[in-house]
Amino acid sequence: MRQRRRFTLALLGVGIAGLTVLAGPGPAAAAKSEADRLWLVGAGALDDGLYDTAYRELGRFIQAAPQDPRRGDATLLRGRAAFAMERYAEALADFEAAETFPVTVAPVGDAIFWQAESLLRLRRFEEARDRYARFLALNPASPSGSEALYARGLAELETGRADAAADTFREFLRAYPNHARAPMAAYSAARELTRAKRWEDALALLGPYASRYPTSPFLSEARYLLGVAQVEAGRPEGARTLEQFIAQAPGNELVPTARVLAAEAYLKANRPREAFEQYQALVRTVPTHALVPQALYRMGELALKLGRPADAEAAWTTLRRDFPEDERAPQAGLVMADLHAKRKQWDRALEVAQTVASRNGPERSDALLIVGQSALQLRKNAEAAQAYHAVAVEAPRASKRYFEGLAGLGVALDAGQDRDGARRAYREIVETSQDPELTQWAQRRLGALDAPPPRAAPKTKAKAKP
């Protein structure tokens, strides 16, 4: 019995020892094995694009092994997983945390680069710009250097640093001329240089743009900018470049502006016919565009210059009919009224001038003078007197326009047989006007009023026939 008991205990001991061996290492080794498993699963999931799994497992790794030398790597990689899922605030927190630990899975400063990327997407542009600058200073030869430099330019644009952005994009082009982002960088730089009126700098980028980037999606816009820069720099080919842009991209939203710029370039070159044609094409193709009122007004001016008064009147009539609230409509009406008056078309002059005067704009007094002149010619003396009186009342006292109104009022009252009213108007001109010619005219009118009426010649009796 005693031997069997020893054998049983021996067997039990062997069994216990075997169980110990089968159970593996102690608690510390087990924890390390779990950390390794979490690390492998998390890092592998990130490589496989399983970002949610990667984020979860790497987070568990950080909790399970806070002293593990791979903690910095795990934190950075978890931030990459959050970034890929567009959870930028969480990504930023991880990237900032990763900066405080050693990192071996990425180049120097990589955590700072990803901080900047997260901040950019969080629209915290000022901070993003500073992080990109910090990263570039820390590791200028990094594989992420091109992206950081380009993104710094974007952040500068968003923070209103247009000049700095243009210079950053040009620096990018010098360092990475064949980069996939080069067409966009060149276009962005040229656009900002054009806005800043740095024409020659813009031309240096825009001149060779089509040949350098023939497949760029910004080719049409770059040609437009080239035309703008050429026109503003006084290059004679600018209008032609804009016409090429219009022909190549007729549906582009910049075409109406291009037509106006081309027209202005032709005007500077003393080519009014070509300018008229550009304005005419604008009105015909996009009749409701915001630039149409300007085009119609300019068409009227150019038509007069080209000796085509009917075209001028048609353009201004369209402007006044279709865009009555535009600030150029009263100006067009005033010129039309003056044209009618010069042609002695008094009814039409009166009608148009009254419409302009009723707008109470800066053209009112000029329009009222035409109303008065037209009404006098039509023998509507009371209407003429009312218009001239309004001019005198509304003009600054003793101004040139005041005396014009007063003179017209005197003539209208005189024609309406209100001699006392006419006399008062003429006398005020004589006593207060500093214009010698006007004063002499008013004196003559006063003299004519004060002169006794001519005596009627005595009637002679007919002699009786013998």
> So what's the gap between the Cα centers of the range 354-405 and the range 169-227, to the nearest angstrom?
Replying inline: 56 Å
> Where does each of 163, 366 land when they are ranked from fewest to most other beta-carbon atoms within 10 angstrom?
Replying inline: 163, 366
> By average Cβ neighbour count within 10 Å, what is the ranking of 208-218, 408-418, 248-258 from highest down?
Replying inline: 408-418, 248-258, 208-218
> What nm distance separates the two modelled labels at residue 171 and residue 134, each placed 7 Å from Cα along Cα→Cβ?
Replying inline: 1.7 nm
> Quick one: which of 144-151, 228-235, 430-437, 96-103 comes out on top by average Cβ neighbours within 10 Å, and what's the full order, highest first?
Replying inline: 144-151, 228-235, 96-103, 430-437
> In percent, how large is the relative contact order of the range 148-244, given Cα pairs closer than 8 Å and 6 or more residues apart?
Replying inline: 19 percent
> Of the labelled options [x] 23.0; [y] 44.1; [z] 26.3, which one gives mean projected area of the Cα convex hull in nm² as computed for this structure?
Replying inline: [y]
> In what order do 179, 340 fall by count of nearby beta-carbon atoms within 10 Å, going from fewest to most?
Replying inline: 179, 340
> How many lysine pairs in the chain, separated by 8 or more positions in sequence or lying on different chains, have Cα atoms less than 26 Å apart?
Replying inline: 9
>> Considering only C-alpha atoms, what is the centroid distance from the range 256-331 to the range 109-153, in Å?
In response: 49 Å
> Between residue 424 and residue 122, 0.36 nm times their residue separation minus their Cα-Cα distance comes to what?
Replying inline: 101.1 nm
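Read the figures in this text as sums done on the coordinates, not as results from a lab. As the structure is a prediction and not an experimental result, all values here were calculated from the model. Because the Cβ atoms are built from the backbone with ideal geometry, glycine has one as well, and the counts that use them run over all protein chains shown.
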